[in-house]
Every structure is written in C-alpha cells, then in structure tokens.
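Read the structure below first, then the notes.
The values are calculated or read from the model by the stated rules, or taken from the named source; none is laboratory data. As the structure is a prediction and not an experimental result, all values here were calculated from the model. Cβ placement follows ideal geometry from the backbone for every residue including glycine, while neighbour counts extend to all protein chains displayed. All accessible areas refer to the heavy atoms of the entire protein, side chains included, with ligands and DNA or RNA removed. Shrake-Rupley method; radii C 1.70, N 1.55, O 1.52, S 1.80 Å.
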Amino acid sequence: MVLYGYTIGDADSNPSRGGEQFAVYRFPISSPSTGLLKVGEIDAANIPNADLEGLGTNPTTGRVSAINEARASGSTTAGSVIRVNNVDQPFAPASSSPTPTPSDLRRFGFDSGADFGRDFSAAGQPIVLYNISGNNSGSSAGSSLYKVTTATPGAISLVDGFGAPTTAAQRQGTQATNPGKFADGLAIDNLNPGRTRAFASDFSTADGDGAQLYKVDLLTGELSAPITLRTPSGQPLNVNADSGLAFTNSGSQRLLALLETGAVYEITGYQDELAASGLGLGSAGGANGARFATATLLGTVPLPSAASGAIDYEGFTIVNE
C-alpha cells in the first residue's frame, strides 16, 4: 500500500475542448516532487463556482469526494452546493447537489476545505463530509463549518452549537459563525476519532495574521484559539497561500498541508494540542510548547501552471492505495 495525495486544479485544463474540464492529479506522499499522475478530468459544465477546493477521503469506503467553494471570487451570491464522489482511482466522478437544510441555508465565504468524519450529533455517529468555508478579507474574515450527509443527493446543514443562537445572517451565509478566524483546509483524525480531533488550516496572511492551525469541534462547529506555525528554525512561517490539509489516517498518524503552489509541508509538534481536552491547546511542557507547531517543506509537486499561479491547487486529501 502507498500513500498518495490528491488535488484538483481550479481552471480549465483542456481549453481545446468545449466547456470546462478540471484536472485531478495524484502524487506519492513519500516523494511529492516525482511521480505525478493525471487521474482524469471532471466536466464542470453543471458545477456552479466550480473551484473544487474541498477534498476528503471517506474512511469507510476509501474513496475521495470533492465539494465546490461557496462563492466565486468577487461574487456576493452563494451558488448551489455540488459534491463530486469517486474522483480518485478508479476514476468515476459522480455529481450530486445536497439539499440545503433549512431551505434558506447558504454557505459563508469564498474558500473551502473538507474531510470526512463522524457525526457526533447523531445516533451511531455515521460518517459525513465536513466542509469549512471561509473568507480572509478584512473585517468580514471568518469561517463556518458545515456537514453533508453521504446519501445521494444528501443534505447540507450548518454546524453551529456554540455561543449565541444562530442568526439569520449566519444561516444565510453573510456572516461567519467563527468571526476573525479564517480557515480553508480541514483534516480529521479518523485513526483516533473524537469530536475535537480535527484541525483547520490558514496559511494566508491576507487576514492580518500568519500561518496557523485551529482545533475544530465537530459537534458545535467552534474553532479554538490559533496554533502558530513555525519553520524548523523557529521562525514564523510566512508563505501567504491558500491551503489544503490532510491526515494520513494510516499507520503512524501524520499531518500534511498542500499549498496552492504545489508546496507540501509536514506539520509536527501538534500532538499536545490535539490530545488536550476540548478546544484546549495543551501545556507549555508539550512538544513545541502550547499553541505552536512546526511546518517542514517536503517538496513541491510539479503541478501544471502552479508556479505561475495560472492554475491553483487548493484541495488536498490523502489515500492509502
């Protein structure tokens, strides 16, 4: 068995054909700079806001699903939610549009991350696809967490069980449930499941802070205080890029991030924060001290047009094949 990373470009990969096709790529985690494989192309003709930024691997089936971003950049209108299943090998993409629940639900933000995990609010804790959707712009920066059931077409709902009751603006996606906390990557620990054994990532500096992680409460949708990411030499990590985040969920648990440029980082020193009760972040005596983790560059995936920025690769998940 080999660990592979999957990602999807955000622009037409085949302009010579009619419509838009978004390419899906796979690369080995052991050597991100080599072994890149184009798995297939997703026809985006019927996908509004077709940037498939949220990728997750279902721990039950081992298959990868993708979810589109809430809004196209510059748009004030949240489009339909589209989930595309089976975008890994064997490549057999199948799209569906989960039903907003309640009917006026709209997602917040412009950038998305996703992963599968247990639904801690339901009997038997079934697997659902979680989607974190965020905005990193100024005073409206923030994030909201959503969950999508795995049925076809399934249903999407807002996860907001903390603080004051949900407002109409939060439900309709014009305000974040976690104001000031932007995140666009999501990774859930399915080797050791727990309602707060999940991280969201923010590698952007556009929201006025540096690269960081947040613990995520999958039952309430609340994000913790930030965990600052540093380089191996102890300096703040300053990369300013959109990101995807994924656990290996196989063997010895590892946490990795893929930036839109193709850069792959391994994150270490997070175990103390992840193991802390609730949204607590451990103690000063833990690895790296509380509220700090280390990001080490493993390599850069040679994704087409990533270096120039013509095509961004923001979604990321890991599959053991």
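Table for the structure above
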quantity: Model label zone, Ser33; criterion: amide N under 11 Å from point 7 Å along Cα-to-beta-carbon; scope region 294-318; calculated: 298-302
quantity: Unit Cα scatterers, Debye sum, region 137-264: log10 I(q)/I(0) for q = 0.12, 0.16, 0.21 Å⁻¹; calculated: -0.50, -0.87, -1.34
quantity: Only Lys, Arg (+1) and Asp, Glu (-1) charged, at Cβ; region 103-260 dipole about Cα centre in debye; calculated: 320
quantity: Given charges at beta-carbon only (K, R positive; D, E negative), |dipole| of the chain in Debye; calculated: 540
quantity: Leading residue at positive end of dipole, the chain (Cβ point charges), from Asn238, Pro226, Phe182; calculated: Pro226
quantity: Modelled label reach - Gln253, point 7 Å along Cα→Cβ, region 163-201 residues with backbone N closer than 14 Å; calculated: 187-200
quantity: Environment charge of Val216, counting only residues whose C-beta is closer than 15 Å and scoring Lys/Arg +1, Asp/Glu -1; calculated: -3
quantity: Within straight-line cross-link reach of Lys147, lysines at Cα separation under 17 Å, skipping those fewer than 8 residues along the same chain; calculated: Lys215
quantity: Net charge of Cβ neighbours under 11 Å - reference Gly161; Lys, Arg +1; Asp, Glu -1; calculated: -2
quantity: Accessible area in square angstrom per residue, the chain, 1.4 angstrom probe; calculated: 37
quantity: Cut-off 16 Å, label 7 Å out along Cα→Cβ of Ala225, residues of region 142-185 by amide N; calculated: 181
quantity: Carbon/sulfur fraction of accessible area - region 92-153, other protein chains in place, 1.4 Å, %; calculated: 54
quantity: Computed [θ] at 222 nm, deg cm²/dmol, the chain (DSSP H ≥ 4; -39,500 (n - 2.57); rounded to nearest 500); calculated: -500 deg cm²/dmol
quantity: Unit charges on C-beta of K, R, D, E only; dipole of region 222-298, Debye; calculated: 180
quantity: Global size of the chain as Cα Rg and Dmax, reported in angstrom; calculated: 17.8, 58
